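The values are calculated or read from the model by the stated rules, or taken from the named source; none is laboratory data. Model, not experiment: these values are computed from the prediction. Glycine gets a Cβ as well: all are built from the backbone with ideal geometry, and neighbour counts include every protein chain shown. With ligands, DNA and RNA removed, areas are computed over all heavy atoms of the protein, side chains included. Shrake-Rupley method; radii C 1.70, N 1.55, O 1.52, S 1.80 Å.
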Amino acid sequence: MAFRVLLVGGGSGGHVYPLVAVARSLKKLADARGEKISVRIMGDGRFVARGAAEAGIPYTGIMAPKLRRYASAGSFFDILKIPLALAQSFWKLFWFMPDVIFAKGGYTCAFPTLAARFYMIPVYLHESDSVPGLANRILAKRARVVFTSFAAADQAFKAMGRATMMVGNPFRPEVCCVERTAAHQALKLDPARRTVLFIGGSQGAAQINDLVLNSLVQMVNKGWNVIHQTGDANFAGVQKTVQQYLTEGKGTYAAAIGAQYRAYAFLNEGELATAYGACDVAVTRASAGALTELAFIGKPMVVVPLPGSANNHQQENARELAALGAAVVDGVNATPGLVMQQVERLLDPAVAADVSARLHTFAHPDAADRIAEVLLGV
């Protein structure tokens, strides 16, 4: 009988893609040992389903109530979801009956881990950020081991009396392999120009979109290529504004925008690899997933933490990267001028080479493999 592993997570790409990385490592390790394995992803939301489908991993969905810390009518409806989420978790675990569960954390994992306790299935947890979230602090009580990515989070869980293992954040090495000239050719951009990638996470970021739109004309006039991931919900609005620029700039900057600007609602694995390969500098939120991938390929980055993120975790994530040379622009005070000033500094070849080498040390390329070894050793 195959060894069964259930990977649980949901919400954003920051939870989904580490699951994909661990799933691939599990299959690779099982194949190398000549063992049979069955891996399945469980989660809530379109990003989990899309990530699993893109990677060819079986997926099963659950309806997970969201834990809100603010007044919202949605909280009432989420209370009504609790019995359904609990029933789904018990039912779906019963039919798959995994030998072990790897939970990425967050509210989506609450009910599957509760069902796992009833079925006496061992649970392992991963915390991506430097500050443990509320859900993970609760879930850690039921976890055999909490895998961590930041020293601060590792110390915090140890202080709670939890067993930890600092492995780093699992990421997909497949997004880190496209050569710069080939990437520019795929995007139909001039590789002789400097290229800046703006990425707001899998769901996009309105603030980063505004930074791009408010400085787009200035950036293309500087001769920069601009790759812009907007998020699905924001894509139409961004396109409308860019079209206005093209109309207003006929005979002046419109041609430069057409030649040097590329916008995408969402970047799948192959497209993200191409964007990473093409860019010389990235402007990003402080999500652990993006920071890890960019650090691994040594891309200098300007980090704009999300203001008001839970437990201020994005600011704390950014602080650790700042110590390695990343530029950090406070999300509350971020202006196009401040961001462009930092981009320009990081485009200097000497600065870029120094920052690239230092950032590379943040990533742990073996994170997914180390987690897989523990899970298969249960």
(Q) Modelling each spin label as a point 7 Å along the Cα-to-Cβ direction, I'd like the residue 188/residue 248 distance in nm, to one decimal. (A) 2.5 nm
Q) Considering every pair of different Cα atoms, what Kirkwood radius, in Å, is found for the range 193-275? A) 12.8 Å
**Q.** Relative contact order (%) - the range 260-321, alpha-carbon pairs under 8 angstrom, separation at least six
**A.** 30 percent
Q. Could you give the accessible area per residue of the chain, probe 1.4 Å, as a whole number in Å²?
A. 41 Å²
Q: Normalise the Debye intensity by I(0) for the chain, one equal point scatterer per Cα, no solvent, then take log10 at q = 0.08, 0.12 Å⁻¹ and round to two decimals.
A: -0.42, -0.91
Q) Based on the Cβ-Cβ distance of residue 373 and residue 174, what FRET efficiency does E = 1/(1 + (r/R0)^6) give at R0 = 22 Å, to the nearest 0.05? A) 0.60
**Q.** Most positive-pole-ward Cα, 176, 130, 243, against dipole of the chain from beta carbon charges
**A.** 130
(Q) Helix-only mean residue ellipticity at 222 nm, the chain, DSSP H runs n ≥ 4 weighted -39,500 (n - 2.57), per residue, nearest 500. What is it? (A) -15000 deg cm²/dmol
**Q.** Peptides 285-291, 297-303, 43-49, 334-340 ordered by average Cβ neighbours within 10 Å, highest first
**A.** 285-291, 297-303, 43-49, 334-340
**Q.** Gap separating the Cα centres of the range 295-330 and the range 89-120, nearest whole Å
**A.** 32 Å
Q) What is the spin-label model distance, in nm, from residue 159 to residue 269 if the labels are put 7 Å beyond Cα along the C-beta direction? A) 3.8 nm
Q) Once Lys and Arg get +1 and Asp and Glu get -1 on their Cβ, which of 349, 198, 58 lies farthest toward the positive end of the dipole of the chain? A) 58
Q. Of 324, 334, 102, which is farthest on the positive side of the dipole of the chain, counting Cα position, with +1 on Lys and Arg Cβ, -1 on Asp and Glu Cβ, and the Cα centre as origin?
A. 102
(Q) Give me the tail of P(r) for the range 130-289 as a percent: Cα-Cα pairs with distance above 18 Å. (A) 64 percent
**Q.** Principal-axis tilt of helix 367-376 within the chain, Cα atoms, nearest 10 degrees
**A.** 10 degrees
Q. Whose amide H sits under 5 Å from the amide H of residue 261, counting only residues 5 or more places off or on another chain, with H placed in the peptide plane?
A. 226
**Q.** HN-Hα J in Hz across the range 156-166 - Karplus 6.51, -1.76, 1.60, θ = phi - 60°, x for Gly and Pro
**A.** 5, 5, 4, 5, 7, x, 9, 6, 10, 8, 7
Q) Let a ≥ b ≥ c be the square roots of the eigenvalues of the Cα gyration tensor of the range 329-378; is it rounded (a/c under 1.5), or, if not, prolate (a/b larger than b/c) or oblate? A) oblate
